[in-house]
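To keep things clear, I will list the structure first and then write my remarks on it.
Since every read-out is calculated from the coordinates, none of them should be taken as a lab result. Please read all numbers here as calculations on a predicted model, not as lab measurements. For neighbour counting, all protein chains shown are included, and Cβ atoms are generated from backbone atoms with ideal geometry for every residue, glycine included.
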Amino acid sequence: MVFVPYVPTPYQVVRAMLKLANAGPDDIVYDLGCGDGRILIVAVKEFNVKKAVGVEKDQQLYKLASTRMIDEGIANKASVVYGDFFEVDISEATIVTLFLLTSVNEMLKPKLERELRDGVRIVSHEFRIPGWKPAREIDVRDENGLLHKVYLYVKGSHREQ
């Protein structure tokens, strides 16, 4: 069983992640370990993505995120799956967002390789995917002045040479 502590991604970082991935109306965003659903909400409301799906295995956070999709009026475009992201099919994603530990990113690599098509953008907040080469990396300052690193990987051109 993998445990990742819940730490909400600051909204400035959420927006920077989606902007770096060039999110737009043709995209289907999957947020693995979606917490309170903030990435899904911003993806739909500010980036007008076609669909946003969160995966959350903590029951309280799942309930919170699901309720927020309804409260925000986006339940027609955004949903939350209660379960383990290692077991949920993510093959329809065009963008995958992560705020997981490096060790968990390492464990996710075979799933990402197997299920995602070439060209899918994977955006990781703070933690690299070991052995993968980011297409871009940026620094983002949050409202408290803290600096966050964001990595963009593109499936198909992500392997280190």
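Structure above, values below:
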read-out	value
Only Lys, Arg (+1) and Asp, Glu (-1) charged, at Cβ; the chain dipole about Cα centre in debye	340
Furthest towards positive pole of dipole, Tyr11, Pro130, Gly83, structure part the chain, Cβ charges	Pro130
Overall dimensions of the range 11-154 as given by Cα atoms, namely Rg and Dmax in Å	14.0, 40
Within the chain, helix-based [θ] at 222 nm, where runs of 4 or more DSSP H residues each add -39,500 (n - 2.57), nearest 500	-9000 deg cm²/dmol
Over the range 83-136, relative contact order from alpha-carbon pairs under 8 Å, at least 6 apart, %	47
Nonlocal amide H pairs with Leu100, under 5 Å, H built at 1.01 Å	His125, Phe127
Cross-link partners of Lys51 among aspartates and glutamates (Cα-Cα below 12 Å; sequence separation of 8 or more within a chain)	Asp26, Asp27, Asp31, Glu92
Length-normalised contact order for the chain - Cα pairs under 8 Å, 6+ apart - percent	22
Per DSSP, loop GluC sites (Glu not before Pro) in the range 1-109 with at most 10 further Cβ within 10 Å	Glu87
In the range 80-159, the trypsin sites (Lys or Arg not before Pro) that fall in loop regions by DSSP, at most 13 other Cβ within 10 Å	Arg117
